[in-house]
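Okay, structure first, notes after.
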Amino acid sequence: MLDTVLALVPIFLLIVVGFAMKRRGFVPDAFWAPAEKTTYYITFPALLVASTARAPLEELDWGPLMLVNAGAIVAVFAAMTLARPLFGVSAATFTSMIQGGIRPNTYIGLAAAASLYGEAGVALTAVCIASVVPLVNVLAVATLVRCVGTATTTSRWQRLLQTVRGIVTNPLILACALGMALNGVGIGMPEIVVGPFLDILGSAALPVGLLAVGAGLAPEAIAGSGRAVGITSAAKLFGVPLAAGLLALAAGLDGAAAGVAVLYAALPCSASSYVLARQMGGDAPMMANVITVQTLAAAATMPLVIGAALALFSP
């Protein structure tokens with residue numbers, strides 16, 4: 001347990017540093033948007049390509065891992081949808097509860113997996129990204145369209161096409177696919193020029209990404225958090241990893257694959273949820289509360305959940 005905490009502390013310290021930099025005005029506010037864009041479109045994909053191209057995929061339980069993480073998301077989504085009448089919230093707030101209950105912050109996940117499992121952890125997390133990112137986007141957009149969409153049939157089809165286009169052009173998904181393709185055909189990662197180039201690019205992804213997570217926090221919003229935020233946070237920080245752990249047991253996963261499955265499931269909500277809520281009529285202020293509450297709470301919940309997974313799934 002102590003080893004798990006010590007491995008995760010540097011990750012959350014970087015988030016704190018990012019928060020302090022933003023609040024102290026250490027860099028102009030205009031710095032953060034291009035920094036996050038560079039991470040999302042350039043350095044993060046470089047890290048994923050290099051890691052998955054080098055990974056010994058034949059030795060990893062990547063097929064069951066994809067099913068476990070996707071299954072955990074579907075289980076929590078279904079449970080929250082069925083329980084909607086009990087929540088007593090508006091349609092817009094419910095859409096933000098759904099997003100907060102299923103969308104993971106991949107920056108934190110990759111950093112934690114790298115710290116706990118090294119390069120194999122990064123490769124396994126890339127597998128989780130490939131299965132979960134398309135799924136949560138489809139579920140989130142479908143919920144928004146169904147619950148708060150007032151558009152015509154034509155514009156709904158346009159939104160659907162935009163969602164599909166966004167998924168198939170997502171740089172993280174494309175990076176995972178490219179790395180796995182290079183690995184699968186036996187090319188791997190060329191260690192002359194290309195490999196070192198991607199390694200240098202990729203080394204910037206996690207620190208800058210985590211700093212940006214911290215810069216996006218708004219602790220003053222916690223005072224306005226209510227019952228819906230609490231339910232959503234419990235679903236994401238405990239419900240999804242519990243479902244992933246049970247499915248991992250059923251699938252026979254153990255070791256690093258099972259640990260990463262639970263770790264990825266235990267991540268707090270992604271900041272991209274706020275953008276989608278604002279664009280499609282969700283409860284954006286509530287979404288901002290969820291992101292902040294979950295990110296801060298994850299500093300305590302992730303060591304507990306991952307420690308339990310390590311104890312349960314250690315070979």
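The values are calculated or read from the model by the stated rules, or taken from the named source; none is laboratory data. A quick note: this is a predicted structure, and the numbers were derived from the prediction, not measured. Note: ideal-geometry Cβ built from the backbone for every residue, glycine included; neighbour counts use all protein chains shown.
Of the helices (runs of 4 or more DSSP H) lying entirely inside segment 1-105, those carrying at least 3 residues that are among the hydrophobic types (A, V, I, L, M, F, W, C) are 2-24, 32-38, 44-54, 62-82, 91-102. Looking only at segment 15-38, decide whether some residue is farther than 22 Å from V293 by Cα, touching a Pro at 6+ places or on another chain (Cβ under 6 Å) and either surrounded by fewer than 22 Cβ atoms within 10 Å (Cβ to Cβ) or among the aromatic types (F, W, Y) (or both). No, segment 15-38 has no match at all. If the condition is being touching a Ser or Thr at 6+ places or on another chain (Cβ under 7 Å), surrounded by fewer than 24 Cβ atoms within 10 Å (Cβ to Cβ) and not small (G, A, S), then segment 56-81 contributes only M66.
In segment 82-100, the qualifying residues are those that are more than 16 Å from G230 (Cβ to Cβ) and touching a residue at least 24 places away in the same chain (Cβ under 8 Å), and the one that is surrounded by the fewest Cβ atoms within 10 Å (Cβ to Cβ) is S90. When L206, L201 are checked against the criterion of being under 18 Å from V133 (Cβ atoms) and hydrophobic (A, V, I, L, M, F, W, C), L206 stands alone in meeting it.
Criterion applied to G259, G282 was being of a type outside the set (S, T, Y), in a loop (DSSP other than H, G, I, E, B) and buried (at least 24 other Cβ atoms within 10 Å of the Cβ), and the one residue passing it is G282. Within segment 1-14, being within 25 Å of A218 (Cβ to Cβ) and either crowded, with 19+ Cβ neighbours inside 10 Å or without any contact (Cβ under 8 Å) to a residue 24 or more places away in the chain (or both) holds for L8, V9, I11, F12, L13, L14.
Does segment 269-277 contain any residue that is aliphatic (A, V, I, L, M), under 18 Å from I129 (Cα atoms) and surrounded by fewer than 22 Cβ atoms within 10 Å (Cβ to Cβ)?
First, the residues of segment 269-277 that are aliphatic (A, V, I, L, M): 271, 275-277.
Still in the running and under 18 Å from I129 (Cα atoms): 271.
If we keep only those that are surrounded by fewer than 22 Cβ atoms within 10 Å (Cβ to Cβ) as well, we get 271.
Yes: segment 269-277 contains one or more residues that are aliphatic (A, V, I, L, M), under 18 Å from I129 (Cα atoms) and surrounded by fewer than 22 Cβ atoms within 10 Å (Cβ to Cβ).
With the requirement that a residue be of a type outside the set (F, W, Y) and touching a Gly at 6+ places or on another chain (Cβ under 8 Å), what does segment 6-35 give you? Show your work before the answer.
From segment 6-35, those of a type outside the set (F, W, Y) are 6-11, 13-18, 20-25, 27-30, 33-35; that's our starting set.
Result: L14, I15, V16, V17, G18, A20, M21, K22.
When L161 is tested against (1) under 20 Å from A53 (Cβ atoms); (2) loosely packed, with under 14 Cβ neighbours inside 10 Å, only condition (1) is not met. Filtering segment 107-120 to residues that are surrounded by fewer than 24 Cβ atoms within 10 Å (Cβ to Cβ) and either touching a residue at least 12 places away in the same chain (Cβ under 8 Å) or more than 26 Å from G184 (Cβ to Cβ) (or both) leaves A114, S115, L116, Y117, E119, A120. Comparison of A277, A221, A297, A284 shows that the only residue that is of a type in the set (G, A, S) and either under 16 Å from the mean Cα position of the chain (by Cα) or at pLDDT 85 or above (or both) is A297. Only residues that are charged (D, E, K, R) and farther than 13 Å from L310 by Cβ were counted across segment 230-280, and they come to 2.
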